[in-house]
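Data block below; observations after.
Every number in this text was worked out from the coordinates using simple rules, so none of it is lab data. Here the structure is a predicted model, which is why all the values come from computation and not from measurement. Cβ: placed from backbone, ideal geometry, glycine included. Neighbour counts: every protein chain shown.
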Amino acid sequence: MIYTVTLNTALDRILHIKGKIERKKNNRVCGIEYDVGGKGTHVSLVLSTLNIPNIATGFVGENKKDPFIQLLERKGVNCDFVVQKNATLRETLVLLDSTGEGSLMITEPGFQPAMESIRRLHQKLNQQIQPGDWVVFAGSPLEGFSLDDYRELLKCVVDNGGRLVVDTSGPYLETAIPLRPYLIKPNEFEFQQLVGKTLNTVDEYTSEIERLMAKGIKYVIVSLGERGSLVGHSGEVFQVVAPSIEARNDTGCGDVFVGGIVTMLSRKTDLEESLRFATALSASKATHTSSSTFSLEQTRQLEKQVRMMRRESVCCTWKSVKTCAKSQG
Ligand code: TA6
């Protein structure tokens, strides 16, 4: 089974703004959409849309939870959240204007999970996770959520033989590393924060990716937004170049990428095909205004435009994957 764990769920309210957003001016809304927020929830939406059974869990506030749960269940997601009484599901405002310069995201902090809620989530994971299950912790807990509690939740996955996937940032990502997660997917800023230095070249990123692989992390994926990603796996590093698209909303693209890569790897698809699919899926998401919508048909087209290069450990050059294969005859 695949589980997604969202510790700080959200409902995204996407506001379409007429013209260019300006300060000290009345910016008029010309359209409103709602979508799920929080990251792990997006991964579940991708899995369900691709007919991969999964269970979405984590914390949700009792107040305002119904439209959020309905959005998930309408897309076939099996929801099993810990509902906290007298707590309210947070909202994220995603502002899209006509400039095409990307979204403006304004996120509420969310609520502090009670000790009882944390205990119930831990118990749920401990009772349900079987060896070989995939468990995706995506999104950041509420600021101030204890690192010890976070570690215990992750450790519960590892102790039950689960494949731990972590897409988070800051001290929570640092806390996950010693548990040797199966796959991590920080973006370039979260990765530089993790390694504690500014990285300017692909080769500098590659050395840090190799260092993390040596710590036992099977897949180290650094997402680079519309440029693609750098991926380390079994001693090799790949550079993946994303297809060029007309982006309408970048919100949720990283989460849809995680949904795509978990879908393919859980089906034991080879890494190159998995990366092409996840990169194309994420690009397709960017062409839609909601936080989680993509088109499979469009993805199939975009897959053909994804370019991949493998780093040649011998001569430290980058060879196009296609070329590489051909040259080896
Ligand atoms: O990645 C997109 C997204 O999940 C949005 O849907 C929005 O809810 C936001 O990120 C939440 O981010 P946060 O880091 O506050 O959990």
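In a simple Cβ point-charge model (Lys, Arg +1; Asp, Glu -1; nothing else charged), the chain has a dipole of about 420 debye relative to its Cα centre.
Once backbone amide H atoms are built at 1.01 Å from N, Thr6 has Thr57, Gly58, Phe59 as its partners under 5 Å, excluding neighbours fewer than 5 places away on the same chain.
Checking every one of the GluC sites (Glu not before Pro) in the range 1-98 against DSSP loop status and a limit of 15 other Cβ atoms within 10 Å picks out Glu22. For Gly162, the residues whose modelled amide H falls within less than 5 Å of its own, excluding neighbours fewer than 5 places apart on the same chain, are Gly132.
Fewest first, what order do Cys253, Cys30 take by the number of other Cβ atoms within 10 Å? It would help to have the intermediate numbers written out before the result.
Details: Cys253 25, Cys30 11.
With the sparsest Cβ surroundings first, the list reads Cys30, Cys253.
To the nearest 20 Debye, how big is the dipole of the range 173-296 about its Cα centre, given +1 on the beta carbon of each Lys and Arg and -1 on that of each Asp and Glu?
On the way: 12 positive and 15 negative charges, 77 e Å.
Magnitude of the dipole: close to 380 debye.
The simple spin-label model puts a point 7 Å past each Cα toward its Cβ; for Glu62 and Thr99 those points are separated by 4.3 nm. Extent of the range 46-133 along its three principal axes (Cα atoms, max minus min coordinate, largest first): 49, 34, 22 Å. The overall shape of the range 104-225, judged from the alpha-carbon gyration tensor, is oblate: a/c is not under 1.5, and a/b is no greater than b/c.
Computed over neighbours whose Cβ is under 9 Å from that of Leu183, the net charge equals +2, Lys and Arg +1, Asp and Glu -1. Neighbour counts of other Cβ atoms within 10 Å put Thr269, Thr251 in the fewest-to-most order Thr269, Thr251. Would you mind pulling out the separation of the Cα centroids of the range 26-98 and the range 281-297, in Å? Rounded to whole Å, the Cα centres lie 16 Å apart. Taking the charge dipole of the chain about its Cα centre, with +1 at Lys and Arg Cβ atoms and -1 at Asp and Glu Cβ atoms, the residue from Cys253, Met309, Val202 reaching farthest to the positive side is Met309.
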